[in-house]
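Read the structure below first, then the notes.
The values are calculated or read from the model by the stated rules, or taken from the named source; none is laboratory data. Remember, predicted model here, so these are calculated numbers, not experimental data. Cβ: placed from backbone, ideal geometry, glycine included. Neighbour counts: every protein chain shown. Surface accessibility is based on the protein's heavy atoms, side chains included, excluding ligands, DNA and RNA. Shrake-Rupley method; radii C 1.70, N 1.55, O 1.52, S 1.80 Å.
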Amino acid sequence: MATSESRRSFMGVAFGTVAAVGGVFSLVAMKKTWDPLPSVKAAGFTTVDLSGMQAGELRTIEWRKKPIFILKKDASMAKDPKRDVVVDNAAYTVVIGLCTHLGCIPAYHPSEQIFKCACHGGEFDTSGKNIFGPPPRPLDIPPFKIEGTKLVLGEEGPEYKKMTKEA
Amino acid sequence: MAHIRKANGLIDWLDQRLAVHKLFDVLMVKYWIPKQINFLWAMGVILTTLFAVLFVTGLLLVMYYKPDTALAFDSVNKTIMQEVDYGWLWRHMHGVAASVIFLIIYIHMFTGIYYGSYKRGREMIWVSGMLLFVVFSAEAFSGYMLPWGQMSYWAAQVITNLFGGIPFIGPELVIWIRGDYAVSDPTLTRFFMLHVCLLPIVIISIIAFHFYSLRIPHVNNEISEELDFDLEAEKYMAGDTRNSKVIPFWPGFLSKDFMYICLFMIFFFYLVCFKFEFAMDPINFDPADALKTPPHIYPEWYFLWSYEVLRGFFFDIGGIKAFNIGLAAFGIAQVIFFLLPWLDRSEVVKPAHERPLFFIWFWILLIDMIVLTIYGKLPPTGVNAWVGFYASIVFLLLLLVILPIITIMERKGAK
């Protein structure tokens, strides 16, 4: 009798192992099914020519389905050597225009010189730093590369690498 | 096999094969309900009715809805609303029922809290009910997104972003849930699957479980009297229906419920026909635009209280980021009601008006949640932000600190 008991428990363990291995593989497959598709991941680079911008002008462009704010600082706006993107001797604020709280798009109020997110009242200054409300950190800076007067978004240039190393 | 004889009719034929008489007894005729209950106990049957309305109207809508970011908006606002015969009716019924079902759920929940229906022996009724509330919230949110209007889009953007607050895996998790770097087509199609397939199946199973969980401890009553259901049922079946404290679910209790359903349906169709716009946000009639946030975004009314708890903490406290405090408070608000049977550790099962401190606690909680709901809709600036902050604090204190203290005091007082 003892033999048959051990055979039964062997069958039980063997079946359990096969089922567990199958379960793990199907969980991996299910996880990957929800991952972004290759066509989504291969989102391209976006090139912006900054040469036509006026001082104090804000431009919003789209990169990887996200809004990017490009603000050319004028004399009244404080410089921020750690966050400013310098192209052709002019300082620009280049940030992903999504509030770092929950991802709404803050609106720019030129008279107050702040970015204000209506959703939860978060405010950012002209360098994109959070100055009021729940946002936990400044607006994120997208990976960029400077080519003359052009800005290439999506590629990590030396200026971007230097910036992230300092931060 | 059972002994099968020639049937004398359809019911008898079915009875021999499916024991329909026995089944009907177990489910309806010998399921005992206390006599001393008021209209608040009819909410369960009203909820079942509303769910049936949502299910049927949903089937009709899904025949014309197209889960594709390029087509979704027009399939709802043009095809269903203008071309499909009575499409507008199904949409308004679906939208209004989705909103009103939360009103009834809240009444149902607060009835349970008031009469202590979550305590001693009835914990599983309460927990399965709260589980239903959470899955209904997911169902409502995934459905809200489908018309692909501006509010739908930004609601999806904000809610999926919440998962970004989870330590370590947050940002990757958000992309995984969305299937893209931003809310877009893969997000819409997977939420469509959740709304019309997976979540309804889950809801139906939990409803079945919620009903089953009532069968052993039985329904509570208005004076929280502990009844011997077997004894009372025997009295009833022996013919002493007057002195028995229970009635059968069918036909006794349901006949009363049917009256309340009729009254409720008058209210419901008044809303569907004349006041449907309260469930249809005007901003959602603008197509989704990923590059423009509406100036003021807010969830539907039934999520406002927890939304206000989320944003109530707007400044850093003791070096902890406001964002993380808000997120933690929001997380607590989502699960705290599950723990009610264990936060209220008093063994007295009595309605709130016979527990003086608990009575005060109950009404402060209700008022606080109404305040949170109102301020959740207002812009979070100036004094509004502070009201939201204090109301959020009060909410957390009431459930986490004051309720356990009250029940400990009650226990000591009783001895």
Those helices (runs of 4 or more DSSP H) completely within the stretch B:183-292 that have 2 or more residues that are under 22 Å from the mean Cα position of the chain (by Cα) and either within 30 Å of B:Ala352 (Cβ to Cβ) or at pLDDT below 90 (or both) are B:199-215, B:254-274
| field | Residue check, A:Leu98 out of contact with any His (no Cβ under 6 Å at 6 or more places or on another chain), open to solvent by 20 Å² or more (accessible area, probe 1.4 Å), in a loop (DSSP other than H, G, I, E, B) and within 14 Å of chain B (Cβ to nearest Cβ) | value | yes
The residue that is nearest to A:Phe69 (Cα to Cα), considering only those in the stretch B:287-311 that are of a type in the set (Phe, Trp, Tyr) and out of contact with any Phe, Trp or Tyr (no Cβ under 6 Å at 6 or more places or on another chain), is B:Tyr298
When the stretch B:293-303 is checked residue by residue, the ones that are of a type in the set (A, V, I, L, M, F, W, C) and assigned to a helix (DSSP H, G or I) are B:Trp301, B:Phe303
Contact list, first residue from the stretch B:158-176 and among the hydroxyl-bearing types (Ser, Thr, Tyr), second anywhere and surrounded by 15 or more Cβ atoms within 10 Å (Cβ to Cβ), beta-carbon distance below 6 Å, six or more apart or interchain, is B:Thr160/B:Val174; B:Thr160/B:Ile177; B:Thr160/B:Arg178
For B:Val246, the lone unmet condition from (1) within 14 Å of chain A (Cβ to nearest Cβ); (2) buried (at least 19 other Cβ atoms within 10 Å of the Cβ) is (1)
If we keep only residues of the stretch B:331-378 that are in contact with a Gly (Cβ under 9 Å, 6 or more places away or on another chain) and within 14 Å of chain A (Cβ to nearest Cβ), then the residue farthest from B:Phe303 (Cα to Cα) is B:Leu378
query: Somewhere in the stretch B:335-352, is a residue in a loop (DSSP other than H, G, I, E, B), free of Cβ contacts under 8 Å to residues at least 40 places away in the same chain and over 20 Å from the mean Cα position of the chain (by Cα)?
result: no
Scanning the stretch B:379-409 for residues that are in contact with a Gly (Cβ under 8 Å, 6 or more places away or on another chain) and open to solvent by less than 50 Å² (accessible area, probe 1.4 Å), the one farthest from A:Pro134 (Cα to Cα) turns out to be B:Ala391
Of B:Ser142, B:Ser128, the only residue that is surrounded by fewer than 22 Cβ atoms within 10 Å (Cβ to Cβ), within 23 Å of B:Pro295 (Cα to Cα) and touching a helix residue (DSSP H, G or I) at 6+ places or on another chain (Cβ under 6 Å) is B:Ser142
Given the criteria among the hydrophobic types (A, V, I, L, M, F, W, C), open to solvent by 10 Å² or more (accessible area, probe 1.4 Å) and in contact (Cβ under 8 Å) with a residue 24 or more places away in the chain, does B:Phe314 qualify?
yes
Sole miss for A:Ile70 among (1) within 13 Å of another protein chain (Cβ to nearest Cβ); (2) outside any loop (DSSP other than H, G, I, E, B) is condition (1)
Practice prompt. Within the stretch B:191-213, identify whether any single residue is touching a residue at least 60 places away in the same chain (Cβ under 8 Å), small (Gly, Ala, Ser) and either within 14 Å of chain A (Cβ to nearest Cβ) or on the phi > 0 side of the Ramachandran plot (or both), and answer yes or no.
Written response: no
Every listed condition ((1) over 20 Å from B:Leu291 (Cα atoms); (2) open to solvent by 50 Å² or more (accessible area, probe 1.4 Å)) holds for A:Val85 save (2)
Considering every residue within the stretch A:126-136, establish whether at least one is part of a loop (DSSP other than H, G, I, E, B), more than 10 Å from every other protein chain (Cβ to nearest Cβ), farther than 21 Å from A:Thr47 by Cα and in contact with an Asp or Glu (Cβ under 7 Å, 6 or more places away or on another chain). yes
**OP:** Would you be able to say whether some residue in the stretch A:5-28 is of a type in the set (Lys, Arg) and either buried (at least 16 other Cβ atoms within 10 Å of the Cβ) or touching a residue at least 40 places away in the same chain (Cβ under 8 Å) (or both)?
**Re:** no
Of the residues in the stretch A:71-111, those that are aliphatic (A, V, I, L, M) and on the phi > 0 side of the Ramachandran plot come to none
Contact list, first residue from the stretch B:21-38 and open to solvent by less than 50 Å² (accessible area, probe 1.4 Å), second anywhere and among the acidic types (Asp, Glu), beta-carbon distance below 7 Å, six or more apart or interchain, is B:Trp32/B:Glu232; B:Ile37/B:Glu222; B:Asn38/B:Glu222
